[in-house]
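Please treat every number below as a calculation from the coordinates, not as lab data. Since the structure is predicted, the reported quantities are computational estimates derived from the model, not experimental observations. FYI the Cβ positions are ideal-geometry reconstructions off the backbone, even for glycines, and counts take in every protein chain you see.
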There are 2 protein chains.
Amino acid sequence: MKTAAKPRRRAAPRHPAHDAGTRDRILEAAGEVFAAEGFRRATVREICARAKVNIAAINYHFGDKYELYREVFSHFARAGIEQYPVTFDPGGKPEPQLRAFCRNFTRRLLDPGRPAWHGRLIAREMVEPTPLLDEIVKSFMRPQWETILRIVAANVGAPPGSELARRCATSLIGQMLFQHNCRAVIDRVQPGQEYTPEENDRRAAFVAEFSLAALRALRGAAKRKAVAR
Amino acid sequence: MKTAAKPRRRAAPRHPAHDAGTRDRILEAAGEVFAAEGFRRATVREICARAKVNIAAINYHFGDKYELYREVFSHFARAGIEQYPVTFDPGGKPEPQLRAFCRNFTRRLLDPGRPAWHGRLIAREMVEPTPLLDEIVKSFMRPQWETILRIVAANVGAPPGSELARRCATSLIGQMLFQHNCRAVIDRVQPGQEYTPEENDRRAAFVAEFSLAALRALRGAAKRKAVAR
DNA sequence: GGGCGTGTCAAACATCTGTTTGAAATAGGT
DNA sequence: ACCTATTTCAAACAGATGTTTGACACGCCC
């Protein structure tokens, strides 16, 4: 199974008739399967079965599995970003923005349904990287990272590029990603976990409070350090 | 590729001559490859090449790939647990114990070298579960989880089984696991990351301080809540 | 109706992966 | 040296997976 490098037949050009059927069904099915299984474990047979199309359709419409994977990312990015925006307003208050960030970030990972597929695709790609990772870092992750750094920096009172802000942002994101990426384990050591939207929001709220408490204290500590000097 | 359920030839019984060669070389190679690649992506061909043995040797000595995987876990558990102990002493101070936990947990994920393979095997199994997960949860993860809960509970001043302790423990672990599991992304959005033992300890120390600050604050909040009532 | 382009299909193909097989080599004991 | 058990080996095998192929169907335009 070669993921890249081999010259491929060009995927069929987009055509008005295309958007009414097979191609879209494949994208939908692939979005769901890739988000749940990741690139490697997802099979074209499962995607085609789910989409009720012939197995050669992926090659006809997308060229190959890898290009389908790439298309899935761009196809679902918009919905995911709109539904779960992560933004920073320099004129706004830092704490509510961090809370909003936690809520949206957690939702994009744990929410049931289609808009969360993008978030889950990203999360999977993070733990099982494919050759597409570099593109995704450039187009999505790095800009998001910069935004998160700003949110965190505003709360901890350090420049966004500082080591303090970076470490805090790492700690913040890790808490939420853990709840998605290691869910199989969490559910086993903590039986009875629920994943309703309300419970997911409670998770997000806790991460926000835990982290805000830490950021406040670290902000205080940095201030005392500056005064002492 | 069937990971389980098929009746398998019994692996060769252990024999004095065994421990001097092929079998051990396979275990070493497999420990390294499984820790780096996970079960699914690791191939018996790579393991055998690394161990300089014939490809049929895995089946002869271990039965099949999956049994080898299981053996690798038990084989490396002892070294990992000894090198990176996670324990709780009820008579000891809570904060130094949490710091020690962070240090050892982070080291078991990020340290170079063999003793960290067990930790990395566990981390990989968490994000890409195999049918072995239930066994590992029972033999290793759940006991560890209970210990971590105790450490956290002592710091936050709540019972180990409480929701507060559980959420805090989740937040604590997530920070460290993120640094290992999503390392490919971290290295791309934060170029220049170093993974020397010293730098790893600095990471651990930061997670400890971040989390202790949060725990102190949450402890205070819980106390004020109790008083108010 | 014919020609051309597009889309679909079943079968075949190519590759990879884990496993099996039977012969040969090796090790250990008498 | 001989016998038996164990170990190793190369080749073959079986199954899974992604891709290709060529025929056919369909739609559109002249």
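Between residues in segment B:79-104 that are more than 20 Å from B:Met176 (Cα to Cα) and residues that are surrounded by 13 or more Cβ atoms within 10 Å (Cβ to Cβ) and of a type in the set (S, T, N, Q), which pairs lie under 6 Å by C-beta distance while being six or more apart or on different chains? Partner pairs satisfying both residue conditions: none exist.
Hey, can you tell me all the residues within segment A:18-44 that are within 14 Å of chain B (Cβ to nearest Cβ) and within 9 Å of DNA strand D (Cβ to nearest atom)?
Across segment A:18-44, the qualifying residues are A:Phe39, A:Arg40, A:Arg41, A:Ala42, A:Thr43.
Being within 7 Å of DNA strand D (Cβ to nearest atom), in a loop (DSSP other than H, G, I, E, B) and hydroxyl-bearing (Ser, Thr, Tyr), is that true of even one residue in segment A:46-69? For segment A:46-69, residues within 7 Å of DNA strand D (Cβ to nearest atom), in a loop (DSSP other than H, G, I, E, B) and hydroxyl-bearing (Ser, Thr, Tyr): absent.
Residues checked against (1) in a helix (DSSP H, G or I); (2) surrounded by fewer than 17 Cβ atoms within 10 Å (Cβ to Cβ); (3) touching a helix residue (DSSP H, G or I) at 6+ places or on another chain (Cβ under 6 Å):
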{"site": "A:Gly80", "(1), (2), (3)": "yes, no, yes"}
{"site": "A:Asn104", "(1), (2), (3)": "yes, no, no"}
{"site": "A:Asp134", "(1), (2), (3)": "yes, yes, no"}
{"site": "A:Phe140", "(1), (2), (3)": "yes, no, no"}
{"site": "A:Ile151", "(1), (2), (3)": "yes, no, yes"}
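Inside segment A:148-207, residues that are away from every other protein chain (no Cβ under 11 Å), among the β-branched types (Val, Ile, Thr) and over 16 Å from A:Gln97 (Cβ atoms) make up a count of 1.
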